[in-house]
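This structure is in structure tokens; I'll ask about it shortly.
The values are calculated or read from the model by the stated rules, or taken from the named source; none is laboratory data. In this text, all values refer to a predicted model and were calculated from it rather than measured experimentally. Note that we place each Cβ from the backbone using ideal geometry, even for glycine, and neighbour counts take in every protein chain shown. Ligands, DNA and RNA are stripped out before the accessible areas are found, and what is left, the full protein with its side chains, is counted by its heavy atoms. Shrake-Rupley method; radii C 1.70, N 1.55, O 1.52, S 1.80 Å.
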Amino acid sequence: IVSKSLAKPLTAIAVGRAIALGKIKSLDQSVADFIPEWRGTPRAEMKIRHLLDMRSGLLAQGFSRDPANHWSRAYLSADHDRYIVETYPLTDAPGSIYEYSNATSELVALVIERATGRRYAEFLGTELLQPIGAPGGEVWVNRPGGLAHAGCCALLPARAWLHMAQLILQDGRWNGRQLLPRGYVAEMKT
């Protein structure tokens, strides 16, 4: 199944798993802890929570046929990760306004990779899918060594999504093992 934006809640599950493993301190940890390029800038006010609830302050999602447009570069450029970190516009104060944005979700993959020292897809496979007995699939990476597109396009069998739904229904527990922090699912719901 091509997940399209169903990949976005997958980022929230990945963050919860990283918190449970002690790789991320909390939803209120600064994104600048993982993107040090942002320290001392207005972007340093952005929290992990803001990435997950679409209140990053980054330019809202849109569409343009112009390949030089911010939306096109953040989504289709081979160096989309660097573009989002260095150039993608911050239009509002982090945490101040909800604006749907793929670029915001793309940053979650970068945070996971920098927090864990592992590739996003590998982290999902070994720390989430394998423990819940879910079949794996693919995460779109537009170039060898590039950043995963965490805002869309994970290719997973329906059974994998069903297992993740069951994990959420069980407050992050699977076969007696707490994979997500207690209470994290309630945070996801808000």
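Of the residues that make up region 58-72, is at least one among the aromatic types (Phe, Trp, Tyr) and either surrounded by 18 or more Cβ atoms within 10 Å (Cβ to Cβ) or in contact with a Gly (Cβ under 7 Å, 6 or more places away or on another chain) (or both)?
Within region 58-72 (the criterion being among the aromatic types (Phe, Trp, Tyr) and either surrounded by 18 or more Cβ atoms within 10 Å (Cβ to Cβ) or in contact with a Gly (Cβ under 7 Å, 6 or more places away or on another chain) (or both)), the answer is yes, since at least one residue qualifies.
Of everything in region 93-132, what is assigned to a loop (DSSP other than H, G, I, E, B) and either closer than 23 Å to LYS4 by Cβ or open to solvent by 40 Å² or more (accessible area, probe 1.4 Å) (or both)? Give them in sequence order.
Across region 93-132, the qualifying residues are ALA93, SER96, ILE97, TYR98, GLU99, TYR100, SER101, GLY117, ARG118, ARG119, GLN130, ILE132.
So, one more: Among the numbered criteria (1) more than 18 Å from VAL111 (Cβ to Cβ); (2) open to solvent by 40 Å² or more (accessible area, probe 1.4 Å), which one does GLY145 miss?
Unmet for GLY145, out of (1) more than 18 Å from VAL111 (Cβ to Cβ); (2) open to solvent by 40 Å² or more (accessible area, probe 1.4 Å): (1).
Would you mind stating whether PRO181 is touching a residue at least 40 places away in the same chain (Cβ under 8 Å) and either over 24 Å from ALA32 (Cβ atoms) or among the basic types (Lys, Arg) (or both)?
When the stated conditions are applied, PRO181 does not pass them.
Please go through region 20-57 and give me each residue that is in a loop (DSSP other than H, G, I, E, B), open to solvent by 40 Å² or more (accessible area, probe 1.4 Å), touching a residue at least 24 places away in the same chain (Cβ under 8 Å) and over 19 Å from ALA7 (Cβ atoms), ordered by number.
Residues satisfying the conditions are LEU21, LYS23.
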